[in-house]
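Heads up, the thing below is written out as structure tokens.
None of the figures in this text is laboratory data; all of them are computed from the coordinates on show. These figures come from a predicted structure and were not determined experimentally. All Cβ positions, even for glycine, are placed from backbone atoms using ideal geometry, and neighbour counts span all protein chains on display.
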Amino acid sequence: MSTRLRKGQAPTKRMAHVWDASKCIACGACVLSCTSTNNPDMMTREEKGWHSVASNIRRIDSVTAQGRPEVLLVQCQHCEDAPCLATCPFGATYMDDNGMIRLDPRMCAGCSYCVTSCPYNVRWFHPDSKLPKKCMGDTCLELVADGLQPACVQACPAGARDYGDLNDPDSSVSVTLRTKRSRRLLENAGTEPKYFVVEGS
Amino acid sequence: MTKDVFKETLSRRRFLVGSAAVAAGALLANKGWVDAQPFFTPEGVDIEGLERAGFLVRHTICHQCGAGCGLTALVKKGAPPSEESMLIFPNQSPDHPQPGMCGRGATAPYTWNSPLRLRKPLKRVGARGEGSFEEVTWDQALDEIGAKLREIVERDGAKAVAFSTHDYANEMRLLAWPLGSPNVISQASTCNTAGVVGRRWMMGSGFDHHAVIDPDYENVRYVLFPGRSLNAPMGAVHRLAKAREHGAKVVFLNPAHPDVAFASADWIPCVPGTDAAFMLGVANVLVNEKKYDEGFILRYTNLPFLLKADGKPLTQADLQEGGDANVFALMGEGNEIVFHTDDGLRPDLTYAGSVTLADGSEAPVTTAWNRLLEHLADYTPTHAAQIAGVPAATITRVARELFAMQGVVEDTWYNTRNGNDTDAIMGLMTVNALLGNLDKPGGMCFRPSTKLPGMIGISSGTVNLVTGDSFILEQTKRIDQEIYPETNATFDAVIQGILDEEPYPITGLFLTGATIFHRDPNVARAIEALEKLDLLVTVDVVHQEICDWSDYVLPAEMFLERDHIANVGWTQTATVARQQKVTDPPPGVDARPDAWIMLEILRRAYPQRAAMVGHYDWMSDVATWKNEWLHRVEELRIEGLAHAWNRDLEQVKAEFTEKGFITFQEQRYGGTPYNRAFASPSGRLEVYAFRPVLRGYREHGFATYFDPPAYTMPRADEFFLVNGKSPIGGSGVAGLAFPTQYLVDNRLWLNPADAERLGIAMDDEVEVEGLDTGWKAKVNVNVTPRVIAGTAFVYSYSGGHRQKVVADDPRFAKLSKGLAPHWFSRSWVDPVTGANSNNASVRIRRA
Ligand code: SF4
Ligand code: SF4
Ligand code: SF4
Ligand code: SF4
């Protein structure tokens, strides 16, 4: 398991999620695998805040300025300057050595500051534990701990998802980001998100 | 723009409550998957190592829809069955031709332990449709069903009992055929009938199934999908993604924007039921601009064949006393008649003139090609575009791109919607014939046989089981075949049999995985029929609306609980996959295998007939039956398979366990039609279909556009109502999965232009009224450019679920909202093809 970074410390790896919007067929496999892998107890319980399924991934339908239908998948961006981390009064939200923003449930008071401060609105409350939830889920952390891909990446039938280290120039995510056009969400919010939306080559 | 929408959505902050509860120390227990990881290596999965570490790897075939993608599950050994003791993911072998999974596949664990899962056999206690049941034992249910069945068979004859299913026809045949009923009739007529008939008319039997001919996805350069959303199978999506990496262009022609089109594909919105016009417009451009493969046309199509003035082909019998009527004439070099069975043909494509017939008279003849040019003259891009509601330039562009990029037009799957769809398939195959891009890399290619023996089959009236059991079925013609000569399955014939007792009465009905209310058109009429039945038995995994109308409801095993072996479809390799049991049913669910259910009903009604298929009273215990009957059947099938491919049986079994599938033959190009003839009368790709002409169904053999006969054409401010599938909830079982209500929009889609004119805003409630059925329903509207103006769209299966258990369970509240398109369609049936339709026309007003 990866260690918790102290203030000012830089992570060894900068693990990032890449979602290729030009390949995504909006099939929802990632959204659902995320729940059944990480929060199987929520499989038939509504996430009351979003009135949706309790997944760490949310689907947002929209239309581009040109009138083209568009779908957006949003999840924790593992921000390098994460407002959720900055606002947590109890030090429960932290960045680990992989650059992942994580939660230490033992220190969390359930105060919800992190939930309200996240500009991406990706945190939700588990109705029983009353703890905030988001990507990465516990089981996904286990999956990646030994080099496997997280559930959403494995689930995707279109090869639209990837997870890897930005610090490694040879990682598949680095290669993708070098060779394809991509953007980050709410770029101007100053959060330095590590979730990349590929827009095609 | 995107960012604004995004911000807006994000800014709808929820009100946070109850967050004061401190959960110190609530560290979630390690879920214990980490120990499994060392056994997953780039070289493969170490199954034995995993076993030692306490994990089982189970390969299976997804059945959340009918596509059968490859899934793999990792299961904790010895753990009680629960969602927490299994992880399901797509089969990870890079050479699996059809790896899963989509959102429906990912809902499998939700279905498995759904609150809507059928748990015990149910016996109806209230009125039909009321949804009041008592739980009964399997013994009681099966005994009572057996007794009632006997009563019906003795009174009305075995054929009065009908059976319908989507995926379990062979299982149902285990009851139907020994009983003496031929009437196992699938959902085809509201799904694939039009395509099957169209392909049969042009290529012959054996080339008609929708999975037999498909684009070579991985290598396509350009693919046009008319009316197909490609929501399944996921292997096709996966392979198409690879082609896209190499620059392939993907185009959807559809009244509504398919989800798959989000992946940087082009979408051409068109008016429903106009695909034939679009395709003929494309063909018009191809012939006028001479963008076709003349060599292919001459050698492999019947366009050089001579036609008489009456539209029938000129045959040897016309020309010679005692000549063969199945041998067709062409004009050879030097103005000499030649026959299609001759060697080294060099026919004249453009001959027109007259020939002397056997009786000495002169008859004018012309080639089918000449007739095609005349026929296509009606379909100028401008005219075709007017019909299809697309710009004429789009038709011209698509034709040019198809030719320039050596593209293909996909031949569709679920295509039977408007009553004129057979011609749409014929139209698209006409375009493919002109392009000549068959069985080549990136072309339309053919699936080889896997040689996997079926469990049960019939040939010339003799039923044969893989076990060697065999008996005669006296009547093999189904009730739908008595009415519709070309049908592959028209369930409406069963409804007619119940209501009109014509051609004979149907009084008993068995359904397996058949959600009549979300499958068949004209729900009001279906209800009338259901009410009249003497016996209605439904076997299913979850509590569908049809259950509320059934006398008995029997819980079936779901795919995660089954062992089976099956062909992998929609691939041009010969691949067979193994379905291994992943888990037992969840606690409290007493589900049984479909085959066992059928056999036990048979045994309880007629023990001696059960013996005909090798089922005896000592097999009434499910575990014993699985060890004896089922095990033997599956072993024999694997043995037959290994033998057919000359492979070592033990090796084959080991490979199935390890990988979950075996590819016995890789994709090969250059087969049909180059080295193997089509099964059409001429052995060629019949752009001019002889079969319907020779049988008197049609005046000529070309695809033609005519207005959809299946519904009243909508006029101003009336709408076409069309439906389509979502890869999240678009199937009978997945439609009832808990997350479907959140992830699949069950509002009615209206184009912004229509909404504005009618004064309808986003999420407004409207009343929808069927022009043909008069059915009225209220639904909320999604105003979206994802549907063409003049048309309303809903996802099928995602709304209008009216069963009592859904209404009673607040968790599923949203599933009862929305509407089922089947309420509005009137069930028009084509008298020849038996094609039915679920599209409709409606009036829409603000509620
Ligand atoms: S996306 Fe939200 S929850 Fe995730 S790191 Fe950024 S601020 Fe925190
Ligand atoms: S990495 Fe895991 S937790 Fe994060 S979105 Fe993917 S599936 Fe969900
Ligand atoms: S699984 Fe892949 S294709 Fe499906 S919604 Fe997620 S990212 Fe898109
Ligand atoms: S398309 Fe989806 S639901 Fe259908 S078999 Fe494949 S994974 Fe399962």
Worksheet item: Which angle from 0 to 90°, rounded to the nearest 10, does the C-alpha axis of helix B:193-203 make with the longest principal axis of chain B?
Response: 40 degrees
Discussion item. What translational diffusion coefficient, to the nearest whole µm²/s, does the protein assembly as shown have by Stokes-Einstein, given a Kirkwood radius computed over alpha-carbon pairs, a temperature of 20 °C and 1.002 mPa s viscosity?
Written reply: 71 µm²/s
Fill in: Using alpha-carbon coordinates, inclination of helix B:649-659 to the longest axis of chain B, degrees
70 degrees
Worksheet item: Which whole number gives the average, over all residues in A:33-41, of C-beta atoms from other chains lying within 10 Å of the residue C-beta?
Response: 6
Fill in: the protein assembly as shown - charge dipole about Cα centre, Lys and Arg +1 at Cβ, Asp and Glu -1, debye rounded to 20
3140 debye
Worksheet entry | Rounded tilt (10° steps) of B:392-404 against the dominant C-alpha axis of chain B | 90 degrees
Worksheet, complete the sentence: Taking Cα atoms only, Rg over Rh for the stretch B:497-571 with Rh from the Kirkwood formula is 1.07
Discussion item. Can you give me the C-alpha center-to-center distance between the stretch B:210-244 and the stretch B:801-847, rounded to a whole angstrom?
Written reply: 29 Å
Fill in: Dipole of the protein assembly as shown [Lys/Arg +1, Asp/Glu -1 at C-beta], most positive-end residue of B:ALA737, B:THR416, B:VAL568
B:ALA737
Worksheet item: Where the only charges are on Cβ atoms (+1 Lys, Arg; -1 Asp, Glu), what is the dipole of chain B about its Cα centre, to the nearest 20 debye?
Response: 2040 debye
Practice prompt. Determine by what factor the alpha-carbon radius of gyration of chain B differs from 2.2 N^0.38 Å, reporting the quotient.
Written response: 0.97
Worksheet item: Can you pull the mean other chain C-beta count within 10 Å for peptide A:151-163?
Response: 5
Worksheet item: Taking the Cα-to-Cβ direction at B:GLU769 and at B:GLU336 and moving 7 Å from each Cα, how far apart do the two end points lie in nm?
Response: 7.2 nm
Worksheet item: Considering only DSSP beta bridges with both partners in chain B, what is the antiparallel share in %, to the nearest 5?
Response: 65 percent
Item to complete: Rounded to whole Hz and in sequence order, give me ³J(HN,Hα) for the stretch B:756-769 from the Karplus expression 6.51 cos²θ - 1.76 cosθ + 1.60, θ = phi - 60°, writing x for Gly and Pro.
Response: 4, 4, 8, x, 10, 10, 3, 6, 4, 8, 10, 9, 10, 10
Practice prompt. Determine, for each peptide in B:168-179, B:189-200, the mean count of other beta carbons within 10 angstrom over its residues, then list the peptides with the highest first.
Written response: B:189-200, B:168-179
Fill in: Expected 222 nm ellipticity per residue - DSSP helices of 4 or more, -39500 (n - 2.57), all of chain B, to 500
-8000 deg cm²/dmol
Worksheet item: Picking from B:LEU750, B:PHE702, B:THR396, whose Cα lies most toward the positive end of the charge dipole for the protein assembly as shown (charges on Cβ: Lys, Arg +1; Asp, Glu -1)?
Response: B:LEU750
Worksheet, complete the sentence: For A:18-24, B:505-511, A:178-184, B:73-79, ranked highest to lowest by mean beta-carbon neighbours within 10 Å, the order is B:505-511, A:18-24, B:73-79, A:178-184
Fill in: Largest to smallest principal axis extent of the C-alpha atoms in the stretch B:718-846, angstrom
42, 35, 26
Worksheet item: Can you give me the Cα centroid spacing of the stretch B:331-407 and the stretch B:103-157 in angstrom?
Response: 56 Å
Discussion item. Rounded, prolate or oblate, given the Cα gyration tensor of the stretch A:15-198, with a/c below 1.5 counting as rounded?
Written reply: rounded
Discussion item. Using Cβ contacts closer than 10 Å as the measure, can you line up B:THR672, B:THR512 from fewest to most?
Written reply: B:THR672, B:THR512
Response to the item:
Partner shielding of B:251-260, taken as the mean number of other chain Cβ atoms within 10 Å, equals 2
Worksheet, complete the sentence: Answer in debye to the nearest 20: the dipole magnitude of the stretch A:15-198 about its Cα centre, from +1 Lys/Arg and -1 Asp/Glu charges placed on Cβ, is 620 debye
Worksheet item: So for the stretch A:62-136, what are the equivalent ellipsoid semi-axes in whole Å, largest first, each being the square root of 5 times an eigenvalue of the Cα gyration tensor?
Response: 27, 14, 11
Fill in: Environment charge at B:ARG691 (Cβ cut-off 14 Å; Lys +1, Arg +1, Asp -1, Glu -1)
+2
Practice prompt. Express the relative contact order of the stretch B:647-709 as a whole percentage, based on alpha carbon pairs under 8 Å and six or more residues apart in sequence.
Written response: 15 percent
Fill in: Cross-link partners of B:LYS291 among aspartates and glutamates (Cα-Cα below 15 Å; sequence separation of 8 or more within a chain)
B:GLU401
Discussion item. Every cysteine in chain A with no other Cys Cβ under 4.7 Å from its Cβ, please list them in numeric order.
Written reply: A:CYS24, A:CYS34, A:CYS79, A:CYS88, A:CYS108, A:CYS111, A:CYS118, A:CYS140, A:CYS156
Worksheet item: How many nm is it between the label spots at B:ILE527 and B:LEU499, if each spot is 7 Å from the Cα in line with the beta carbon?
Response: 1.3 nm
Worksheet item: Which FRET efficiency value, to the nearest 0.05, do you get for B:GLU135 and B:THR712 by plugging their Cβ-Cβ distance into 1/(1 + (r/R0)^6) with R0 = 45 Å?
Response: 0.50
Worksheet entry | Debye log10 I(q)/I(0) for the stretch B:676-778, one point scatterer per Cα, at q = 0.20 Å⁻¹ | -1.09
Fill in: the stretch B:718-846: relative contact order as a whole-number percent, Cα under 8 Å and 6+ apart
36 percent
Worksheet item: Toward the positive end of the charge dipole of the stretch B:109-243, about the Cα centre and with charges on Cβ (Lys, Arg +1; Asp, Glu -1), which of B:THR190, B:ASN219, B:GLY206 goes farthest?
Response: B:ASN219
Item to complete: Please tell me the relative contact order of chain B in percent, rounded to the nearest whole number, where contacts are Cα pairs under 8 Å and at least six residues apart.
Response: 19 percent
